[in-house]
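These notes concern the structure reproduced below.
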Amino acid sequence: MKKNILFTLFAIFLLGSCSNDPEKEPIIPELTDEVLIYEPEKISDNLVLVNDAGNAEVYLLKKDGQKYHEWQLTNRLGNDVVLEENGKLLALLKTDDDKITFGGNGGQIQVINPDNSIDWKFVYSTEEYNLHHDIERLPNGNIIALVWEKKTATEAQERGYQLDKDIYIESVIEINPSTNQIVWKWSSWNHLIQDKDDTKMNHGSVSNNPQLIDINFNNLDNGDIMHANAIEYDEKNDLIYISVNFYHEVWVIDHSTSTEEAKTNLGGNYNKGGNLLYRFGNPSAFKNPGNQLFSNNHNCNIIDNNLPGAGNMLIYNNGSNNMQSIVYELQIPTIFDFNNQPNIVWSFTDSNLFSAKVSGAYRIENGNTLITEGDFGYWEVTQNKELVWQYNGSGFFWRGYPYKKDGEAIKNLKQ
């Protein structure tokens with residue numbers, strides 16, 4: 001239980017409660033002990049898809065704390081699981097033999113039917129590469145996924161890396177589920193820079209090349225030097241946003257390139273190839289003097305068009321530097337300039353809000369924001385920053401996705 005949490009239960013206003021007609025008396029839900037705050041007139045009456053990596057569970061949670069539906073999984077979570085409109089789960093799971101096992105590894109993607117049978121499976125897990133953290137369905141039906149790629153110490157040092165050890169760099173692949181083929185790929189390996197050794201590849205000025213990634217920004221002992229944890233697809237502009245936890249920033253790349261163009265600095269709608277089009281959250285990652293906004297970050301997601309704040313981005317700043325997490329709503333510039341950071345249009349924090357890992361936030365139809373605090377549970381807050389629902393579970397929560405009870409996903413789940 002978090003410190004200084006006041007157990008608060010707001011009674012439903014009983015309109016006409018003195019009536020002798022039992023049909024007119026409202027039903028007060030029986031709340032479980034995990035529900036700490038419940039304001040029925042201000043919360044959204046939707047369901048939360050819970051990704052509980054701690055207990056290897058995925059279930060739909062009602063606001064009274066009861067489970068609405070749960071699934072049986074073949075493997076532990078590789079973190080991300082979403083319920084699609086057809087009522088099926090799109091799930092990133094571990095395999096029985098993943099070789100790259102940093103936090104968030106998940107070597108297979110499954111589509112799981114409502115009866116728990118597996119509709120489709122794609123395994124991408126070897127000693128050289130492994131899926132991890134996040135996946136997303138594209139409008140064309142394909143799936144994009146984060147991948148760790150292993151590079152030997154020799155390969156890394158040839159590109160100016162300063163330590164004598166293997167490293168694991170970030171890539172994004174696009175899979176066609178109809179053919180199980182990888183139809184597009186972007187790799188950070190092709191867009192590196194270093195200013196330590198002019199006898200090695202990629203030597204140059206880091207500050208003068210913000211479109212490139214400083215391979216020496218982190219020198220972590222385990223070789224997981226970047227640790228991306230989220231991808232978000234911008235359909236309107238055909239862009240991919242990547243939350244990069246150990247760089248404390250978000251990278252933006254052009255998805256309109258071909259795989260070959262993505263290896264270069266030419267091609268695509270922006271004619272920048274696979275170079276970073278924009279990055280924000282930590283100017284020090286490219287030796288810019290601007291202010292750092294993030295101290296570790298998770299779950300960059302663009303607010304849907306039909307929701308308040310449409311087009312803005314929500315992101316969870318873990319706040320490891322001061323043990324204080326903050327949810328930001330950011331207005332992303334329409335013209336990318338590495339010297340300009342996004343505008344903060346809304347934010348939420350609380351003295352009790354802190355998780356050093358995982359976590360995230362999503363906008364809900366009524367304008368509220370559903371926040372996942374990884375090692376605690378869920379918060380729902382209004383635009384006025386009023387806490388109206390709080391759930392303290394016993395797991396380790398990757399994310400919580402809100403679903404309307406009368407939405408297509410729930411209807412198809414129950415068919």
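Remarks
- Using 0.36 nm per residue and subtracting the Cα-Cα separation, the extra length available between GLN383 and ASP96 on full extension is 99.0 nm.
- Global form of the stretch 326-415, assessed from the alpha-carbon gyration tensor, a/c cut-off 1.5: oblate
- ³J(HN,Hα) computed for each position of the stretch 117-126 - Karplus, 6.51 cos²θ - 1.76 cosθ + 1.60, integer Hz, glycine/proline x: 6, 8, 7, 7, 9, 9, 9, 9, 8, 9
- Projected label distance in nm at ILE335 and ASP234, using a 7 Å step from Cα toward the beta-carbon: 1.5
- Modelled spin-label separation between ASN269 and ASN140, with each label point placed 7 Å from Cα along the Cα-to-Cβ direction: 1.3 nm.
- Here the relative contact order of the stretch 253-300, from alpha carbon pairs under 8 Å that lie six or more residues apart, stands at 25 percent.
- In order along the stretch 353-358, the Karplus-derived 3J(HN,Hα) couplings, from 6.51 cos²θ - 1.76 cosθ + 1.60 at θ = phi - 60°, round to 8, 7, 9, 6, 10, 6 Hz, and Gly and Pro are given as x.
- With all protein chains in place and a 1.4 Å probe, the accessible surface of the stretch 92-226 carries 40 percent carbon and sulfur.
- Computed extension gain for GLU41 through THR349, at 0.36 nm per residue and net of the alpha carbon distance, reaches 108.6 nm.
- Restriction of the GluC sites (Glu not before Pro) in the stretch 176-271 to DSSP coil positions whose beta-carbon has at most 16 other beta-carbons within 10 angstrom yields GLU235.
- Pairwise centroid distance, computed over Cα atoms, of the stretch 50-88 with the stretch 293-323, Å: 22
- Two-site label geometry, ASP166 and HIS203: point separation in nm, points 7 Å out along Cα→Cβ: 2.9
- Taking chymotrypsin sites (Phe, Trp or Tyr not before Pro) as exposed when their DSSP state is a loop state and no more than 11 other Cβ atoms lie within 10 Å, the longest site-free interval of the chain runs over 14-415.
- Secondary-structure-derived ellipticity at 222 nm for the chain, considering helices only, amounts to -1000 deg cm²/dmol, per-run term -39500 (n - 2.57) for DSSP H runs with n ≥ 4.
- Accessible surface for LYS185 stands near 70 Å², nearest 10, in the context of the full protein assembly shown (1.4 Å probe).
- Available extension along the chain between ASN218 and ASN366 is 49.2 nm, counting 0.36 nm per residue and deducting the alpha carbon span.
- Per-residue Karplus couplings for the stretch 185-193, computed as 6.51 cos²θ - 1.76 cosθ + 1.60 with θ equal to phi - 60°, are listed in order as 8, 10, 10, 5, 4, 8, 9, 9, 8 Hz, Gly and Pro entered as x.
The values are calculated or read from the model by the stated rules, or taken from the named source; none is laboratory data. For clarity, every value in this text was computed on a predicted model and none was experimentally measured. All Cβ positions, even for glycine, are placed from backbone atoms using ideal geometry, and neighbour counts span all protein chains on display. SASA here: full protein model, heavy atoms, side chains in, ligands and nucleic acids out. Shrake-Rupley method; radii C 1.70, N 1.55, O 1.52, S 1.80 Å.
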